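See below for the structure under consideration.
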Amino acid sequence: MVLLCIASGCVQPDMVLPSISPAQAESPALVIDHTFPFEESEITISLPLDSGVYYGARDADKQIYLYTDLTDRDWLPHYYRAFIDDPHQEEFLLDLIEELRRVRSDLQLDDDRYLELCCVFVQSLPYDDDTVLIEPKFPIETYGDGTGDCDDKSLLLAGILSREEYSVALLLYSEEAHMAVGVKGDGCRDIGDGYVFIETTRSNFVGIVPEMLAGDIVLESDPLIIPIRDGTIRYGRCDQTIVLSDLLTYCRDEIDRLNAEMERESVLIREMNDDIGALRREMDILIRQGRYQEYNRQVPVFNSLIDRYNKRIEEYNRLVRSAERYVAIHTTLINRMYDRYGLYREMLKEGIIAELRSGI
């Protein structure tokens, strides 16, 4: 137990928080690279980590020790901020931000695209749902390990954005055992207190809550909002991410509708195919029996049936082409969530967004 000592004596604190004690390390630095796609570029972030701080963070006691009766709302903010604000990893966070700013300068990113760059970087780190590790990692650990679960990656992203003047909070969904990040935004779907949702475990648009997370988890509860920094920069492209998200839903709905229509057409085609086969067999019998007059009366009936059958095939193929188009659009959106800027311009240019707006 750590005691706080002042002139009048020593006082027991309300809590003792996790902290990093740098370890003795044989090598002074670990050079760690991470490569990920962003917009039309492939980005590589390369950082030398202070190995003493990294190993100290890895071996730190991650528990909190409470010495008074506090509610979760009282102690959880202190607990998570301790991971973000530990002074021993401040140099790491500033070095990481310097690398991200270099990319920002190279690509000439505005505040919204820079926030997306930071989000995509963290989202690109592989998700590790390690149920053995209950306590979160320090951000320097998550970067050094190159992997993390929802709270590990959320703490890393919050640590970055909070030092770049964005208004940032952690969103803790206790019922679903999930953590995400919130930023203040304009024109967005409000999670609470003006924050919009950022998923960190996988690629996802800023301001959009995924319909389902790994393990078939659906976020239905209200999160505990843990403010980290009250900055001056707000996210301003929810008007576009909402459209792209709505387009995903529109594509799924159209695919379901078209699949249902294709199934109905398939039934009709099978029934007509049976009718054609039965009529052909009947006409073959008439030919073999020399009943040519009756055969000739069946020819226009047969030809009409073939014509209607071919039209049903054409309609089925039209439905298939439409479904394939929506599948292609949906796949493009899912696979390029790291490129809101390019996707929106592309969908707008091709008239797909106009189609969405006319269809809903």
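Data overview
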quantity	calculated
Neighbourhood net charge (15 Å Cβ-Cβ; Lys/Arg +1, Asp/Glu -1) for Pro87	-4
Virtual paramagnetic centre 7 Å along Cα→Cβ of Asp307, amide N under 19 Å, in region 241-284	269, 272-273, 275-277, 279-280
Solvent exposure ordering (accessible area, 1.4 Å, most first) of Lys153, Lys311, Lys349	Lys349, Lys311, Lys153
For Arg104, solvent-accessible area (1.4 Å; no DNA, RNA or ligand), Å²	60
Whole-percent carbon and sulfur share, accessible surface of the chain, 1.4 Å	48
Amide H contacts of Leu170 (H built 1.01 Å from N, under 5 Å, at least 5 apart or other chain)	Gly182, Ile226, Ile228
Helical contribution to [θ] at 222 nm, DSSP H n ≥ 4, -39,500 (n - 2.57), averaged over the chain, rounded to 500	-18000 deg cm²/dmol
Rel. contact order, % - alpha carbon contacts under 8 angstrom, at least six apart, region 252-322	52
Rounded if a/c under 1.5, otherwise prolate or oblate - region 90-224, Cα gyration tensor axes	oblate
Probe 1.4 Å, protein heavy atoms only - accessible area per residue of the chain in square angstrom	51
Dipole magnitude of the chain, debye to nearest 20 (Cβ charges: Lys/Arg +1, Asp/Glu -1, about Cα centre)	1960
Inter-centroid distance (Cα atoms) of region 115-192 relative to region 342-360, Å	30
Neighbourhood net charge (12 Å Cβ-Cβ; Lys/Arg +1, Asp/Glu -1) for Arg229	-1
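The values are calculated or read from the model by the stated rules, or taken from the named source; none is laboratory data. What you see is a predicted model; the values in this text were computed from it and never measured. Here the Cβ is made from the backbone with ideal geometry for all residues, glycine too, and neighbour counts use every protein chain on show. With ligands, DNA and RNA removed, areas are computed over all heavy atoms of the protein, side chains included. Shrake-Rupley method; radii C 1.70, N 1.55, O 1.52, S 1.80 Å.
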